[in-house]
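The values are calculated or read from the model by the stated rules, or taken from the named source; none is laboratory data. Remember, it's a predicted structure, so these values are computed and weren't measured experimentally. Neighbour counts are summed over all protein chains in view; Cβ atoms, including those assigned to glycine, are modelled from backbone coordinates with ideal geometry.
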Amino acid sequence: MSLWVAYVLRFYATSWFHLAYMVDPFRSYQWLFAVIMPFGPIMLDLQGFYQSPLKRVFGLQVRNFRDGVRLDLDRPLVARARSQDSTAH
């Protein structure tokens, strides 16, 4: 359901915000259900999503938060490095 809602929001956002790129038809993304349905709950369980927050170790929560922030902060740096590499050639 969330994949479809995300698709609909992005589809209509192109007209709301005058975005340059239209999204592909939804049937182009249907194959993701074959991956998300069996492996999504497994990945959530491995990351402790189904554990009670009271039982989680505080250090693990801090580490997961730090790793998430690191990923968000690394994205612009990686994009900038790639753009510099492409202009150097």
>> For a quick check of your reading: which helices (runs of 4 or more DSSP H) sit entirely within the chain and have at least 3 residues that are of a type outside the set (D, E) and at pLDDT below 75?
In response: 58-88
>> List pairs: first residue in segment 26-46 and within 14 Å of A6 (Cα to Cα), second residue among the hydrophobic types (A, V, I, L, M, F, W, C) anywhere in the structure, Cβ distance under 8 angstrom, at least six positions apart or on different chains.
In response: F26/W4; Y29/L3; L32/L3; F33/L3
> Out of all the residues in segment 1-50, which are under 17 Å from the mean Cα position of the chain (by Cα) and among the hydroxyl-bearing types (S, T, Y)?
Replying inline: S2, Y7, Y29
